[in-house]
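Participant: Just dropping this structure here.
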Amino acid sequence: MKKIIETIKNIWRIEDLRTRILITLLFVAIYRFGSFIVLPGIAPDRLAQLQQQTSEGLMSLLNMFSGGAFSNASIFALGIMPYISASIVIQLLAIAVPYFQKMQREGESGRRKINQYTRWLTIAILVFQAPTYLINLKAQTAGSGAFLVGDGFGFMLSSTIILAAGSMFILWLGERITDKGIGNGVSLIIMIGIIARLPVAIGQEFVTALSGAEGGGLIKFLFEIIALLAVMALAIVLVKATRKVPVQYAKRVEGNRAVGGARQYIPLKLFAANVMPIIFAQAIMFIPLTLAQATAKSGSWAMSQFLDHTSVLYNLVFVILIIAFTYFYTAITLNPVQMAEDMKRNNGFIPGVKPGKPTADYLDNVMSHITLPGSLFIALIAIMPAFAGIFGVKQEFAQFFGGTSLLILVGVVLDTLQQIESHLLVRHYDGLLNSGHTRTRSTNVAAY
């Protein structure tokens, strides 16, 4: 505790760091304030059906990432997710389309072009997604009188513009946090949206515990809190220990002579795909739920198993999909051939391996081996909410025991602490992180 207090004092002494943290808090406050501003013409007290819809399933995930703005029919209802979707599409295009591959190799100018294309694609997604959200809002609030000014073309057009502008404003806030604040702005906004739902989930779980007979519910609630803290601590330890793995080393060379002391680690990771495999797998697992809702048929054993997120079949398929998507996403984002070419261009080599294709094959083999334990760990984290559900934890609270939310929370918190740590170390202050290898990792890592 004494060290934490001293570290906070050191942070406050550094004017630049203090300013960055205050700017970050200001932008986060603006984002949270906007999450409660309801679309013009909508009665906020008549959205009970929409809030019920977002309490489970895919809608619950979307609502969590938006910090509750989705269920509030807020101007920020669509959140930052359209931009993330556009970023994923552009990343895939950069792998498959030569035009985008060329832009990636153009350095800073190419990066600016890619960012511009990402923004335009985000707007295109919003133009489609905003009317879809409004149609769903209309269906969920039918007969409740939520639309105070009607739901005609004028309302749909103006609300689409407001929703699209709200999402782009959130993106602007994220970029300003990255430039003038601390941490990766987009990742921080996602994390704040997730954290914003935590007090509500804990409150609901506590109310449920109070209804337990003879105080047994409160004891169970305390065990749940302890279990949540233990899972978070385990995730932090494992992610810190295995985020970047020194699989093999390379040496710079001058002529035919290796330069002593110039050893460099190849930046291969156990978690190169981050949370993307869980997101992809969740999207696939929501298909049976969508089909069941569309056809009103969920009587078969297989369908009932897929509709129950705590069932053995559901979680077995979920784990298989996560492992498969981890290999797929790693394969399309980490190019061994390009890595081998970069090493050769920079006069690097792997001892005992010839440059060129043998190096690429070696790197591909290493990545295949380290991807398996990484995918298994991600799969374990992903099914932790199912174990929480088996022990009677409500779904809203169980989401924080694992899955995308836990990995994002852990990753963003560690990356933000790293940036604060680097500011402190530059000025010869002790930081918050103890392990030396933690301080040498790169910062500003996105959560997606």
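Participant: For Ile322, only one of the following conditions fails: (1) at pLDDT 80 or above; (2) under 26 Å from Ile90 (Cα atoms); (3) open to solvent by 60 Å² or more (accessible area, probe 1.4 Å). What is its number?
Facilitator: (3) is the only condition that Ile322 fails.
Participant: While we're on this one: I need the full set of residues from the stretch 374-407 which are part of a loop (DSSP other than H, G, I, E, B) and surrounded by 23 or more Cβ atoms within 10 Å (Cβ to Cβ), in order please. If you could, list the steps in order and put the result at the bottom.
Facilitator: If we filter the stretch 374-407 for residues that are part of a loop (DSSP other than H, G, I, E, B), which is where we start, we get 391-394, 402.
Across the stretch 374-407, the qualifying residues are Val393, Gly402.
Participant: Out of all the residues in the stretch 160-219, which are at pLDDT below 85 and among the charged types (D, E, K, R)?
Facilitator: Matches in the stretch 160-219: Arg197, Glu205, Glu214.
Participant: I'd like the residue in the stretch 341-368 that is touching a Ser or Thr at 6+ places or on another chain (Cβ under 7 Å) and over 21 Å from Phe328 (Cβ atoms) and, out of all such residues, is least open to solvent (accessible area, probe 1.4 Å). Reasoning before the result, please.
Facilitator: Residues of the stretch 341-368 that are touching a Ser or Thr at 6+ places or on another chain (Cβ under 7 Å), as a first pass: 343, 350, 353, 367.
Narrowing further to those that are over 21 Å from Phe328 (Cβ atoms): 343, 350, 353.
Values: Met343: 30, Ile350: 1, Val353: 31 Å².
Checking each candidate, the answer is Ile350.
Participant: Quick test of your reading of the structure: Val97 fulfils all but one of (1) buried (at least 16 other Cβ atoms within 10 Å of the Cβ); (2) modelled with pLDDT of 80 or more. Name the failing condition by number.
Facilitator: It is condition (1) that Val97 fails.
Participant: Right, something else. Considering each residue of the stretch 1-27, count those that are crowded, with 16+ Cβ neighbours inside 10 Å and part of a helix (DSSP H, G or I), and give that number. Show your work before the answer.
Facilitator: Within the stretch 1-27, the first condition is being crowded, with 16+ Cβ neighbours inside 10 Å, and the residues that meet it are 7, 10-11, 14, 17, 20-21, 23-24, 27.
Filter once more, so that each one left must be part of a helix (DSSP H, G or I): 7, 10-11, 17, 20-21, 23-24, 27.
Total satisfying the criteria: 9.
Participant: I would also like to ask the following. Whether any residue in the stretch 28-48 is open to solvent by less than 40 Å² (accessible area, probe 1.4 Å), within 29 Å of His309 (Cβ to Cβ) and either part of a helix (DSSP H, G or I) or in contact (Cβ under 8 Å) with a residue 60 or more places away in the chain (or both) is what I want to check. Can you show your working first?
Facilitator: Initially, the stretch 28-48 is screened for residues open to solvent by less than 40 Å² (accessible area, probe 1.4 Å), giving 28, 31, 34-35, 38-39, 41-43, 47.
The next check asks that each one be within 29 Å of His309 (Cβ to Cβ); those that pass are 35, 47.
Pick out the ones that are also either part of a helix (DSSP H, G or I) or in contact (Cβ under 8 Å) with a residue 60 or more places away in the chain (or both) and you get 35, 47.
The answer is yes, given that some residue of the stretch 28-48 is open to solvent by less than 40 Å² (accessible area, probe 1.4 Å), within 29 Å of His309 (Cβ to Cβ) and either part of a helix (DSSP H, G or I) or in contact (Cβ under 8 Å) with a residue 60 or more places away in the chain (or both).
Rundown of residues vs (1) in contact (Cβ under 8 Å) with a residue 40 or more places away in the chain; (2) surrounded by fewer than 18 Cβ atoms within 10 Å (Cβ to Cβ), yes/no style:
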| residue | (1), (2) |
| --- | --- |
| Phe76 | yes, no |
| Ile88 | yes, yes |
| Arg105 | no, yes |
| Arg111 | no, yes |
| Leu121 | no, no |
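The values are calculated or read from the model by the stated rules, or taken from the named source; none is laboratory data. For clarity, every value in this text was computed on a predicted model and none was experimentally measured. Reconstructed Cβ throughout: ideal geometry from the backbone, glycine too, with neighbour counts over all protein chains shown. What goes into the accessible areas is simple: the full protein's heavy atoms, side chains included, and nothing from ligands, DNA or RNA. Shrake-Rupley method; radii C 1.70, N 1.55, O 1.52, S 1.80 Å.
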